[in-house]
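What follows is a short report on a single structure.
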Amino acid sequence: MFDTKFFPGAKKFWHMGKIYDWDSVSVHAMSHAVHYGSSVFEGIRAYDTERGPAIFRLPDHIERFFLSARTINMKVPYHDQEIIDAIRQVMKVNKLRSAYIRPNLFYGYGNLGLVPKVCPVELTVACWSWGAYLGEESLEKGVHTLLLNRRRIHPSQMDMRAKIGGMYAQSNIAGSYARSLGFDEGIFLNMEGRIAEGPGENIIVVNHNTLKTNDETESILPGITRTTALEIGKDLGYQVEIAPITVEELLHSDEVFFTGTAAEITPICRVTVEGQNQPNKQEWKTYEIGTGKPGPITRKVSQMYAAIVRGKETSYDHWLTYVYKSIEEMKKHLS
C-alpha cells in the first residue's frame, strides 16, 4: 500500500493510455529517469468554480511541456490534445473539484548508459488535493526566506525555460538546506551575484507602483504564474518592468512576492542573508521587507489572481479549461 497522506484525494493515475489504481507500480527500478533525472514535468492547478473544476492556463503549460521535452531530445509519444484529454480524464476519475496536476514524461526501461539509446519515452499524469505550497498561513502572513550564497544554474549551461527533472536536484538541496535552518524557503543568486529565483518560484519586487521581475538571462525559469501576475498588475493600473534585480534592491523594496503554480502569490516579508564565512546563522543579518507584512499591491494582485482562477472574473475566462463540458455533466459525475 502506498500511503496517500501527502497525496490527498489521489485514487487513480493515468499511464501510457490506461488508468491505474494509485497503488499500482508501473515503472521499473532500472528506468533511465530514476538514475539520471531524465524527465520533464509540469505543475498545473485546477480550481473549483461554479462551472466545476477549471484548469488554469492549461494550453500554456502543455506548450512548455513540449519545449522541455525538445530540450532533452525527447520525442513525445502523444499529441498535445491527447495529453489535455488525459488530464481531464484523471480529474474525472479522481472526482476532484480542485487539484494539483502533474504530467511527467520520462525515459523508461531500456539501457542504462548516460544516453538513453533504447529507452522508451513514457507519460504519466496524476492529480491530488494540494493546498498552499509554503503553508496555509503563507498567503496571508508572508514568509521568511534565506538569501543563499549558492548560484543558480546559468542559462549558458541549460535552457532555463525547460522544467527538467534532473535540474531540480539543485532546488531540492537548496530548499532542504533553508528549511533545515528554520526558514520557509531559499532564494538563489545568479552567477553575476544578482537575484535569480527561489527553488521553485519566481520573484517580483514592488517599488513606487511598479512590479519588476527578471528574465531567463538572469538564471530563472520564466514561470506562467509570473507572466500572469505581470498581466494582472498592468490591468490594475501598475507599471511593469523586466530587468535585473540586485541584492540591495530586493532587500530594500516596498514589497516582494514569490510567484509559482504551487506557491501562487506568496508575500516575502523577511529575508535573512546567509553570511559568507559565517557558519553561525546568529551572525546573519535579517531585513524586513517594507512594513514586515504583506503589502497592499501584493494583496491586490493576490486577490485578483484568486478570483481569476476560480472563474469570478469572466474577462479572464480564456485562461480556464473546464474539466466538464456542462454543469449538468459535472453534477452527474460528482454526485
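Descriptive notes on the structure:
- Within segment 109-122, not a single residue is modelled with pLDDT under 95, polar (S, T, N, Q) and either over 18 Å from the mean Cα position of the chain (by Cα) or not assigned by TED's automatic domain parsing to the domain that holds Leu189 (or both).
- Any chance Val76 is free of Cβ contacts under 8 Å to residues at least 60 places away in the same chain, over 22 Å from Trp128 (Cβ atoms) and not assigned by TED's automatic domain parsing to the domain that holds Thr259: yes
- Residue ID - surrounded by the fewest Cβ atoms within 10 Å (Cβ to Cβ), chosen from residues in segment 140-165 that are within 22 Å of Phe6 (Cβ to Cβ) and in contact with a helix residue (DSSP H, G or I) (Cβ under 7 Å, 6 or more places away or on another chain): Gly165
- Number of the condition not met by Ile195 [criteria: (1) over 28 Å from Lys300 (Cα atoms); (2) crowded, with 24+ Cβ neighbours inside 10 Å]: (1)
- Ile62 being of a type in the set (Val, Ile, Thr), within 25 Å of Ala307 (Cα to Cα) and not assigned by TED's automatic domain parsing to the domain that holds Thr259: yes
- Selection of segment 104-122 for residues being part of a strand (DSSP E or B) and crowded, with 21+ Cβ neighbours inside 10 Å yields Leu105, Phe106, Tyr107, Val121.
- Within segment 1-73, strands (runs of 3 or more DSSP E) holding 2 or more residues that are farther than 26 Å from Leu334 by Cβ and at pLDDT 95 or above: 39-41
Residue by residue, here is whether (1) out of contact with any Gly (no Cβ under 7 Å at 6 or more places or on another chain); (2) not polar (S, T, N, Q) holds:
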| residue | (1), (2) |
| --- | --- |
| Ile203 | yes, yes |
| His208 | yes, yes |
| Ala229 | yes, yes |
| Lys234 | yes, yes |
| Ile242 | yes, yes |
| Thr246 | yes, no |
| Phe257 | yes, yes |
| Thr261 | no, no |
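- Among the residues of segment 27-44, those that are buried (at least 22 other Cβ atoms within 10 Å of the Cβ) and of a type outside the set (S, T, N, Q) comprise His32, Ala33, Val40, Glu42, Ile44.
- Elements of type strands (runs of 3 or more DSSP E) contained in segment 244-333, each with 2 or more residues being modelled with pLDDT of 95 or more and not assigned by TED's automatic domain parsing to the domain that holds Ile62: 255-260, 264-273, 285-288
- Exactly one residue out of Glu140, Glu82 is free of Cβ contacts under 8 Å to residues at least 24 places away in the same chain and part of a helix (DSSP H, G or I): that is Glu82.
- Hits in segment 229-254 (condition: surrounded by fewer than 17 Cβ atoms within 10 Å (Cβ to Cβ) and hydrophobic (A, V, I, L, M, F, W, C)): Leu236, Val240, Ile242, Ala243, Val247
- Among the residues listed as Ile101, Ile87, the single one being under 27 Å from Pro222 (Cβ atoms) and assigned to a strand (DSSP E or B): Ile101
- In the condition set (1) surrounded by 15 or more Cβ atoms within 10 Å (Cβ to Cβ); (2) without any contact (Cβ under 8 Å) to a residue 40 or more places away in the chain; (3) more than 18 Å from Asp159 (Cβ to Cβ), Arg226 is compliant with all but (3).
- Boolean, Thr49 is within 26 Å of Ala263 (Cβ to Cβ) and touching an Asp or Glu at 6+ places or on another chain (Cβ under 6 Å): no
- Residue count for segment 145-156 satisfying the condition of being of a type in the set (S, T, N, Q) and either at pLDDT below 95 or outside any loop (DSSP other than H, G, I, E, B) (or both): 2.
- For beta carbons closer than 6 Å, sequence separation of 6+ or different chains, a first residue in segment 248-273 that is over 19 Å from Glu192 (Cβ atoms) and a second that is acidic (Asp, Glu) and part of a strand (DSSP E or B), the qualifying pairs are Arg270/Glu288.
- Taking the criterion of being under 15 Å from Phe56 (Cβ atoms) and among the small types (Gly, Ala, Ser), the residues of segment 276-314 that qualify are Ser302, Ala306, Ala307, Gly311.
The values are calculated or read from the model by the stated rules, or taken from the named source; none is laboratory data. Bear in mind the structure is a predicted one, so any value in this text is a computation, not a measurement. Backbone-built Cβ (ideal geometry, glycine too); neighbour counts: all protein chains shown.
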